[in-house]
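Student: Sharing a structure, written as structure tokens. Questions coming.
The values are calculated or read from the model by the stated rules, or taken from the named source; none is laboratory data. Quick caveat: nothing in here was measured; it's all calculated off a predicted structure. Don't worry about glycine lacking a Cβ; one is built from the backbone with ideal geometry, like all the others, and counts go over all protein chains shown. Areas reflect the complete protein model, heavy atoms only, side chains present, ligands, DNA and RNA absent. Shrake-Rupley method; radii C 1.70, N 1.55, O 1.52, S 1.80 Å.
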Amino acid sequence: MRITYMDGIWFDLKYIEEKDAELAKYINDHPVHSYRSSVPKEHTVAGNMYTHSMPNYERICSEGFDSYIPRIEKIEDKDIREGLLELIEGIRCYAARCVEYLRSVNADEKLIAALSKVPMRPCETFYEAVVCWNFVMYLDCCDNLGCVAKGLLPYYKGEDAVPLFENLFDNLDINGGYSMSIGTDGYDPLVMQCLKALRGKRRPMTELFVGKDTPDEVWDAALDVVKNGGGQPAFYNRDVLLGGLCRRFPEISDTDVKKFCGGGCTESMLAGLSNVGSLDAGINLALILDRCIHEHLEDCDTYEEFYGIFMAEVKKVCDTVMREIASSQKERAEQNPLPMRTLLVDDCIDKGLDYNCGGARYMWSIISFAGLINVIDSMVVLRNFVYETKKYTAKEVCDLLKNNNAAFLSEAKAFKECYGNGCDSTNAEANRISTDIFSNLDRGRPYFGLGYIPASIQFSQAAASGIGVGATPDGRSAGSPLCESLGAIHGKDSKGPTVMLESVTSLDLARALGIPVVNLTVNPGFENNILKALILGYMDNGGIQLQLTCTNKEKLLAAHKAPDSHKDLIVRVGGYSEYFYRLPENLRESIVQRSIYL
């Protein structure tokens, strides 16, 4: 089968040739997904010019696609205008075919009636709105659900929404979809309905925004879902994150920022209003440090001299990556039109611009940093071992690392002045390192958009990103996984979760708005009031995101030994929830090593 990719959909070219030879020839002559990413491959950890998105579900529900036609007809660009009008008719035809199929299988008349109306005409009832939301989700390849509770609230009349939400969430999950966001603008009754429907669900990854005003019933419902073992919800700091985005990008209105939803797993986006590069690149900091150690450490007389060389190399990589992202954005704008997202995301129609050509209301680019915690602990060890105590010479350290010396790595890993262990000097260095690294993105400007923002999201790539990295002074052996989140390296957080999270808040989180992912594993028997206090204390200190895996060591060990016999175990990885058995073996090993709290 010959296939090609267009606007998020794979096509069978042989089928197209049989049905429309002219269209097949055009696709062959104009490969619309052939734009080239020029970002250096070694710095594409978990991201390489990839863009998640979510439609403006609320507008489609309230207006219907038929109301889009007069706006489309005003577009001056003939190709965009005619293309979008054809797309509207294609959606009409698709909806009609769905209705025809439903009738052929004697489906529920209520569903048939709803789909005979939406999404072409406005929704009037809650049921119609959920059906519309579900239909539109499929138009954008079941990527993200956006702000479900807030968006559906205008249609809610007190019905039991849980069964419909469960069905909607299952549809997203079985199609490989991702996230939704709740609580950005308070806690309406549908927030509780969403939480009840999430019990035991792997997807959608749910971003629950919390603060001191969060009602006890929301906390109780959320923590009940956590205990159910689906990895949901993750907890987000409303004031720090939304306020931080508005300060970073003053163009964002106070109303629009409340439409925050993590694109894909958790990358910062505004539902229905944004085109965000997520993730456009993933800079491998541990790889840069590895090279700097072997090329420069022996020539540096002081720690500050080596620190300066390392930061200069990080800056050089950041500058290269930002330049190449801008270049790839330009090429994508020229070669990769996305008519479906142009239709679904504001303000493309009103601007008369394609989604990839600056049509969306808000655009920015996210660059993730992998291995930050490995770098922090490595730099602290180098400062102490080589320059303060002079326990080892620079050459000895280089040789020991090059030889992957187990005794040296064990000694380095056991060094108590580490991140996550309550060491004030290490936390201060963590702040300096993260600020110096993240601030490299402050001055950058993409080809389209408001700017770059840092993140630390590695998904399942923490293992793969370590393969090409030699042994590092944090005690990590050559080729082994990097630290999977901004939590401590496994085994070093020996003083409990509060101390570990204090290290996280020592980082320059105010810049890391892309999202700074933090994993925390808790026992199923945790007490709600203790975990609630831990989360609120963390957020009071500036924490942005905290995602929980709820399991015990025995189950992790059993699942690692016989993964196919424990297919129900769900864990949180670097930004997303996944069935444990689906993860690569080296990542499963890393998860087994996690500290388990409470």
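Student: How large is the helix-only mean residue ellipticity at 222 nm for the chain, computed as the sum of -39500 (n - 2.57) over DSSP H runs with n ≥ 4, divided by its residue count, in deg cm²/dmol to the nearest 500? Could the numbers behind the result be given before it?
Tutor: Working: 25 runs with 269 residues, N = 598.
Only helices count here, giving -13500 deg cm²/dmol.
Student: Between region 522-598 and region 96-112, what's the alpha-carbon centroid distance in Å?
Tutor: 42 Å
Student: Would you mind telling me the antiparallel percentage of the DSSP bridges in the chain, rounded to 5?
Tutor: Percent antiparallel among DSSP bridges in the chain is about 35.
Student: Residues with amide H under 5 Å of Met49's amide H, sequence separation 5 or more or different chain, H placed in the peptide plane at 1.01 Å from N; which?
Tutor: Under 5 Å from the amide H of Met49 lie the amide H atoms of Asp280, Ala281, each far enough along the sequence or on another chain.
Student: Positive end of the charge dipole of the chain (Lys, Arg +1 and Asp, Glu -1 on Cβ, about the Cα centre): tell me which of Val136, Ile457, Ile349 has its Cα farthest that way.
Tutor: Ile457
Student: Convert each backbone phi in region 260-267 into a coupling constant with the Karplus relation 6.51 cos²θ - 1.76 cosθ + 1.60 (shift: θ = phi - 60°), then list the ³J(HN,Hα) values in order as whole Hz, x for Gly and Pro.
Tutor: Whole-Hz 3J(HN,Hα) from phi for region 260-267: 4, 8, x, x, x, 7, 7, 5.
Student: Going by amide H atoms built from the backbone, whose H comes under 5 Å of the H on Ile367, apart from near neighbours?
Tutor: Amide H neighbours of Ile367: Ile453, Ala455.
Student: Then there is this: Remind me, relative contact order of the chain in percent, using alpha carbon pairs under 8 angstrom and six or more residues apart? Walk me through the intermediate numbers first.
Tutor: Working: 1191 pairs, mean separation 96.4, N = 598.
With pairs under 8 Å counted, the relative contact order is 16 percent.
Student: Once you order the gyration tensor axes a ≥ b ≥ c over the Cα atoms, which shape class does region 417-521 get: rounded for a/c under 1.5, otherwise prolate or oblate by comparing a/b with b/c?
Tutor: Details: a/c = 1.88, a/b = 1.31, b/c = 1.43.
Verdict is oblate for region 417-521.
Student: Relative to the present Cα-Cα distance, how much length would full extension add between Ser477 and Ile530 at 0.36 nm per residue of separation? The partial results should precede the final answer.
Tutor: On the way: separation 53, 0.36 × 53 = 19.08 nm, distance 3.58 nm.
Taking Ser477 through Ile530 to full extension adds about 15.5 nm, to one decimal.
Student: How much length, in nm to one decimal, is gained on full extension between Ala510 and Tyr387, taken as 0.36 nm per residue of separation minus their Cα-Cα distance? Intermediate results must be reported in sequence, preceding the final value.
Tutor: Values: separation 123, 0.36 × 123 = 44.28 nm, distance 3.12 nm.
Taking Ala510 through Tyr387 to full extension adds about 41.2 nm, to one decimal.
Student: Please give me the summed charge of the neighbours of Arg332: other residues whose Cβ is under 11 Å from its Cβ, Lys and Arg +1, Asp and Glu -1. Can you show the working numbers first?
Tutor: Working: positive: Arg36, Lys330; negative: Asp280, Glu331, Glu334, Asp354.
The answer is -2.
Student: Please report the relative contact order for region 385-504, taking Cα pairs under 8 Å with a sequence separation of at least 6, and give it as a percent rounded to a whole number.
Tutor: Numbers: 137 pairs, mean separation 39.2, N = 120.
Normalised by residue count, the contact order of region 385-504 is 33 percent.
Student: Could you work out how much longer the chain between Glu89 and Glu585 gets when fully extended? Use 0.36 nm per residue separation minus the Cα distance between them, nm to one decimal. Before the final figure, lay out the partial values.
Tutor: Details: separation 496, 0.36 × 496 = 178.56 nm, distance 4.73 nm.
This chain segment gains 173.8 nm when fully extended.
Student: Tell me the net charge near Ala234. Cut-off is 14 Å between Cβ atoms, Ala234 excluded, with +1 for each Lys or Arg and -1 for each Asp or Glu. Let's see the in-between values first.
Tutor: Details: positive: Lys201, Arg202, Arg203, Arg238, Arg572; negative: Glu207, Glu267, Glu578.
Here the count lands on +2.
Student: Just want the answer: with Cβ charges of +1 for Lys and Arg and -1 for Asp and Glu, which residue in Cys292, Met363, Val317 is farthest toward the dipole's positive end in region 266-403?
Tutor: Positive-most Cα among the choices belongs to Met363.
Student: Using Cα pairs closer than 8 Å and at least 6 residues apart in sequence, work out the relative contact order for region 232-361, in percent.
Tutor: Numbers: 109 pairs, mean separation 24.0, N = 130.
Once normalised by length, the contact order is 18 percent.
Student: Work through the residues other than Tyr581 whose Cβ is under 13 Å from its Cβ and net out their charges, Lys, Arg +1 and Asp, Glu -1.
Tutor: Values: positive: Arg202, Lys555, Lys561, Lys567, Arg582, Arg588; negative: Asp564, Asp568, Glu578, Glu585.
Overall, the nearby charge balance is +2.
Student: Pull up the cross-link candidates among the aspartates and glutamates for Lys201, meaning alpha carbon to alpha carbon under 13 Å and not fewer than 8 places away within one chain.
Tutor: Once the sequence-local aspartates and glutamates are set aside, what remains near Lys201 is Glu166, Asp170, Asp173, Asp224, Asp568, Glu578.
Student: Classify region 161-209 as rounded, prolate or oblate from the Cα gyration tensor: take a ≥ b ≥ c as the square roots of its eigenvalues, call it rounded if a/c is under 1.5, otherwise prolate when a/b beats b/c and oblate if not.
Tutor: Working: a/c = 2.32, a/b = 1.44, b/c = 1.62.
Cα axes put region 161-209 in the oblate bin.
Student: Moving on to the next point. Quick one: check the C-alpha center-to-center distance for region 385-458 versus region 163-210, whole angstrom.
Tutor: So the separation of the two Cα centres works out to 37 Å.
Student: Within region 123-270, what whole-number % of the accessible surface is contributed by carbon and sulfur, with the 1.4 Å probe and all protein chains included in the calculation? Walk me through the numbers on the way to the answer.
Tutor: Working: 2200 of 4670 Å².
Summing carbon and sulfur atoms, their accessible area is 47 percent of the total for region 123-270.
Student: Now for a separate question. Only Lys, Arg, Asp and Glu count, each charged at its Cβ (+1, +1, -1, -1), so figure out the dipole size of the chain about its Cα centre, rounded to 20 debye. Could you put the intermediate results ahead of the total?
Tutor: Values: 63 positive and 83 negative charges, 154 e Å.
My answer is approximately 740 debye.
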